[in-house]
Amino acid sequence: MDIFKKLAISICAVAVSLTVLFLFRTVPSGKLWESYRIVYVDDTSDSGYTEQVLASSGCKDVISMALQRFPLLLPALSPEVSFALADAESDSYLSRRNMYFFDKGGQYRLYYVPKQYIDEARTAVAVLQRENIVAGIDTQSMYPILIPTACIIFTLVLCVFSAHRAIFLCASVPFCFFAACVPFYPAASSACLLLYALFLVMQVWQRHGALQFILTNGTILLFALAAYVISWATSVRCGLLFMPALLGSVATLYALSLAQRIHEQKYHFVGVFIRPARAMPF
């Protein structure tokens with residue numbers, strides 16, 4: 001295949017990866033009720049355990065989907081409720097109540113806790129997070145800017161010490177974008193591990209046997225594997241979004257490698273590194 005076609009395909013892969021991250025970004029959001037604060041919890045977690053943690057932490061009068069009953073005392077999945085929902089008007093509370101108890105993406109359950117129990121709610125969230133359950137308290141329209149900012153700062157610090165600063169900076173964009181689209185601390189730690197693995201890759205960039213060295217080096221593989229495991233431990237969506245972030249970075253490196261080859265074709269003589277990848281210190 002022509003080298004320019006490969007370059008175009010690589011650039012398209014980067015664009016598709018970033019687009020997927022943006023379209024499927026996961027930022028909790030929900031409707032705020034007056035005098036209540038929202039606790040959001042990953043919907044893949046056990047709702048009974050979440051309610052138990054909230055209660056044991058001292059949260060009272062919590063409003064949640066599990067406490068909704070219609071007709072009276074019947075569970076939400078009962079046939080009677082199904083018939084009632086079928087006859088409900090489209091703008092009635094029954095037909096729209098999922099909007100109040102789930103975020104827009106349907107990934108998080110929402111629990112409404114009275115404001116006077118905000119300290120107890122923070123305690124409950126801390127307990128859930130220690131159990132590796134993604135949870136938090138609404139920030140009333142405040143985006144958690146600290147998380148992507150920390151990743152960007154970490155990227156810039158590594159860039160200063162990188163052997164190929166420009167290449168490292170370009171290839172790190174998908175990882176920083178991943179942290180911005182999945183703004184949770186475990187996801188950010190996953191991105192930082194990938195950034196450090198990328199920093200190590202830069203040590204052998206364009207050296208003889210670099211690809212084989214990268215695919216067999218235990219240190220690089222350890223950081224990449226740890227990032228992969230943490231992303232899936234955070235949530236299923238985070239694990240799935242991890243893949244386009246990784247693909248975007250790999251496609252960026254490949255595109256830059258092709259661009260460098262195109263540039264070198266203009267010269268009759270091109271310098272090469274003497275030391276092969278396996279001889280570089282780690």
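Rank-order 48-61, 103-116 by packing density, defined as the average count of other C-beta atoms within 10 Å over each peptide's residues, highest first.
By packing density, highest mean first, the sequence is 103-116, 48-61.
Residue 44 to residue 153: FRET efficiency via 1/(1 + (r/R0)^6), r the Cβ-Cβ distance, R0 25 Å, to the nearest 0.05?
Here the calculated transfer efficiency is 0.20.
How much accessible surface area, in Å² rounded to 10, belongs to the heavy atoms of residue 44 with a 1.4 Å probe?
Its accessible surface works out to 100 Å², give or take rounding.
Which percent of the accessible area of segment 173-243 is formed by carbon and sulfur heavy atoms (probe 1.4 angstrom)?
About 75 percent, which is the carbon plus sulfur part of the accessible surface.
From a point 7 Å beyond the Cα of residue 9 in the direction of its Cβ, which residues of segment 206-220 have a backbone N at a distance under 14 Å?
none
Could you check the simple spin-label distance between residue 35 and residue 236, using points 7 Å along Cα→Cβ, in nm with one decimal?
The answer from the label model is 3.8 nm.
Please sort 217-229, 166-178 by packing, taking for each peptide the average over its residues of neighbouring beta carbons within 10 angstrom, highest first.
Going from most to least packed, we get 166-178, 217-229.
The values are calculated or read from the model by the stated rules, or taken from the named source; none is laboratory data. Since this is a predicted model, take the numbers as computed values, not measurements. Cβ atoms come from the backbone with ideal geometry, glycine included; neighbour counts cover every protein chain shown. Areas reflect the complete protein model, heavy atoms only, side chains present, ligands, DNA and RNA absent. Shrake-Rupley method; radii C 1.70, N 1.55, O 1.52, S 1.80 Å.
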